[in-house]
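Report on the following structure.
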């Protein structure tokens with residue numbers, strides 16, 4: 001049986017942290033905060049599936065709505081949302097530290113992962129590691145518009161998970177970008193998957209979450 005989850009709100013922080021918390025039956029003491037991609041929310045099937053397998057392995061998981069999503073139920077983030085979204089991620093880490101005594105990790109899918117990496121580049125000792133799912137290295141068909149400016153400042157160990165057919169960044173492009181990071185990194189490839197890592201509609205790649213967990217445990221020890 002999978003661990004249950006419950007609504008989670010910490011209104012003492014500004015912006016507040018809102019989402020769901022997955023509490024493991026046998027907790028390891030570690031915690032993971034997960035954020036969604038642009039145009040999505042914390043109910044995204046990929047985040048739910050990851051939270052379930054991580055919680056089953058003893059990790060307390062908070063999957064949260066970024067501040068822009070709390071303000072607007074639909075649509076992508078606007079040009080002025082990024083800084084507040086990063087503050088929201090920092091607040092999610094603060095809230096998670098109230099729940100767990102051990103290591104804390106931060107991550108997210110696409111936009112959520114990019115903002116997580118940017119926050120960790122700004123806040124060197126914020127978390128013990130970052131999990132970046134489908135990092136949006138560049139817009140589709142625009143490989144010259146790289147989103148790598150902050151990577152040389154990222155000193156947090158980073159685990160990247162990318163589909164081999166992701167139009168936002170090929171495996172070769174990802175390897176090149178990761179070489180800019182001074183911290184320990186690893187690239188995990190999901191064969192045949194696109195930017196959604198196989199969680200589009202009903203065609204779900206159920207093996208992906210277990211693979212991510214295994215690689216996470218191997219990388220972070």
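Projected label points at residue 142 and residue 219, each 7 Å from Cα along the beta carbon direction, are separated by 2.6 nanometres.
Largest GNM mean-square fluctuation among 84, 125, 43, using the chain with Cα springs under 10 Å: 125.
For segment 62-114, a Kirkwood radius taken over Cα pairs fed into Stokes-Einstein (25 °C, viscosity 0.890 mPa s) yields D = 206 µm²/s.
Rounded to the nearest 500, what is the chain's calculated 222 nm mean residue ellipticity when only DSSP H runs of at least 4 contribute -39500 (n - 2.57) each, over all residues?
Numbers: 6 runs with 67 residues, N = 221.
Helix-only estimate at 222 nm: -9000 deg cm²/dmol.
So, in nm, how far is label residue 175 from label residue 7 when the simple model puts each one 7 Å beyond its Cα toward the Cβ? Output for this residue pair reads 4.8 nm. The distance from the alpha carbon centre of segment 126-158 to that of segment 63-89 is 18 Å, rounded to a whole number. Applying 0.36 nm per residue to the separation of residue 74 and residue 98 and subtracting their alpha-carbon distance, the gain on full extension is 5.6 nm. Bridge orientation summary for the chain: considering DSSP beta bridges with both residues in this region, about 35 percent are antiparallel.
Gaussian network model of the chain, Cα springs within a sub-10 Å range: biggest mean-square fluctuation belongs to which of 124, 53, 21? The residue with the greatest mean-square fluctuation here is 124. Note: relative contact order over segment 5-220, using C-alpha pairs below 8 Å and six or more positions apart, is 17 percent. Put in order of Cβ neighbour count within 10 Å, fewest first, the listed residues 111, 135, 68, 74 become 74, 68, 111, 135. Of all the options 11, 83, 44, the one that moves most in a Gaussian network model of the chain with Cα springs shorter than 10 angstrom is 11. Beta bridges per DSSP, both residues in segment 91-221: antiparallel share near 10 percent. Computed from the C-beta positions of residue 184 and residue 43 and an R0 of 25 Å, the FRET efficiency is 0.20 to the nearest 0.05.
Shape analysis of segment 120-221 based on the Cα gyration tensor places the equivalent ellipsoid semi-axes at 22, 18, 10 Å, largest first.
All of the numbers you see were taken from the coordinates with simple rules; none came from a lab. What you see is a predicted model; the values in this text were computed from it and never measured. Ideal geometry is used to build each Cβ from the backbone, glycine not excepted, and the neighbour counts take in all protein chains shown.
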